[in-house]
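We did not get these values from a lab; they are worked out from the coordinates using the rules stated. Predicted, not measured: the structure shown is a model, and the values here were computed from it. So basically every Cβ, Gly included, is an ideal-geometry build from the backbone, and we count neighbours across all protein chains shown.
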């Protein structure tokens, strides 16, 4: 017993000695050994320099696009005639962030965009072909999102406005997301409401007399949306054009999941209800008796699109980005969309991405081509958006995001350029080229 | 019949893939966290989605707009 006791004490002393064996400073030579390694001297930040709550600009994005199209099924001329359109759009997104007292991250996104378009068919809102051909749309937006510092769950609100001469839209949303316990999955939910107003600009043959005045002159609405006195007098007290409401309510669901270290998928579904004035007043329809009228569609619509995204990292330099969507609505349209983008990573900071998208849809039950409708039809449109067709969209993009910044400018962290060609089997063809600049 | 078979096959494949999900640690997500792997639209695609919603009846389920803001569906 005594031997065992002494052995334990001896062993513990040896262990203790070993524990201190490497801690003794070798004072035999005070010269530092030769090394190429130069440790970076880190200076502790002064307390006043570090403020996790401070408001900072996280990201600024500038996006510009030029779009041009041609076709021969304009809805303004009843399903025949030019569909020539050009559109130049510019958008600025500013993302600000700060951290709150409870370590929650706040992100404020402010957006402003404007489009200027020209549309050859708009000229034919008047029978003379001399109507307004261009227009500008402005669309500011706002979003505030709070992210829980511990769980990564988010909650946010957003607001949106869009205005152009014949259409105004005001929108708002609530959204939240919740990560799974292992942080490999995320559920997201968003509620959106858009309250729109369509200005009632009719084709010139349906121009309405609005206000007879005591002098005998009358206010009339021209095809281009101007209100003038019929006798050419002053328009200082002109009445505003009447509008009709169009409301859209959407509930969006999403669930993303990491399947393995190379594959992740996301399921998306929207439930959309629209009601109000869902036609456009300047879209003509020609009946089979040769007479024309304006488009008439039901005052409600229910839409259900469901989609899936799957992104796969193939090898070390290729990423496959795929998407599929099935769509149905209560106007009788069924549609399938499938797309694939192959990202070739030339280097970690440069990639080239060719893409292809195929889309097909069945016709809405209210669609018929030029002079295809009967006067006994309850609803009618010759807008080819509701026709049976398929389309193909293909092109390529290039993305540059070097660590020292684009062109050596540290704050200019990302540059993307993308071109696409779109063709429907209804003879509509279009092209779009986009540029995105990202700053941090 | 052919269409429903395809849907069933796709469903079974999807269910199989989902049931084989593995739990990854943060340090194992270097590929998943690549910016090109993001399960969202590219910023540069924004206006493409806009014109598609003007020209086609279908929209939504792509984290984009489902109506409002323009004279389109």
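Among A:256, A:376, which comes first, then next, by fewest other beta-carbon atoms within 10 Å?
Details: A:256 21, A:376 6.
Ordered by Cβ neighbours within 10 Å, fewest first: A:376, A:256.
For peptide A:323-334, the mean count of partner chain Cβ atoms within 10 Å of a residue's Cβ comes to 3.
For segment A:393-440, the share of alpha carbon pairs falling in successive 5 Å distance bins from zero is 6, 20, 21, 14, 12, 10, 8, 5, 3, 1 percent.
Can you give the average number of partner chain beta-carbon atoms within 10 Å of each beta-carbon in peptide A:253-264, as a whole number?
Numbers: counts 1, 4, 0, 2, 4, 9, 8, 9, 7, 3, 7, 8.
That average works out to 5.
Across peptide A:197-203, the average count of Cβ atoms from other chains found within 10 Å of a residue's Cβ is 0.
Residues A:124, A:312 in ascending order of nearby Cβ atoms (within 10 Å, fewest first): A:312, A:124. Between residue A:170 and residue A:293, the contour length at 0.36 nm per residue exceeds the alpha carbon distance by 41.3 nm.
For the pair segment A:129-191 and segment A:306-384, the centres of their Cα atoms are 22 angstrom apart. Binning the alpha carbon pair distances of segment A:122-173 at 10 angstrom intervals from zero yields the distribution 20, 27, 21, 16, 9, 6, 1, expressed in whole percent. Taken over the alpha carbons of segment A:316-400 as equal point scatterers, the Debye sum produces base-10 log I(q)/I(0) values at 0.11, 0.16 Å⁻¹ of -0.48, -0.71. Over segment A:101-215, the hull volume per residue, using the convex hull of the C-alpha atoms, is 175 Å³. For residue A:342 and residue B:15, a Förster radius of 22 Å and the Cβ-Cβ distance give a FRET efficiency of 0.25, rounded to the nearest 0.05.
What is the fewest-to-most order of A:145, B:9 by other Cβ atoms lying within 10 Å of their Cβ?
Details: A:145 19, B:9 10.
Arranged by neighbour count, lowest to highest, A:145, B:9 become B:9, A:145.
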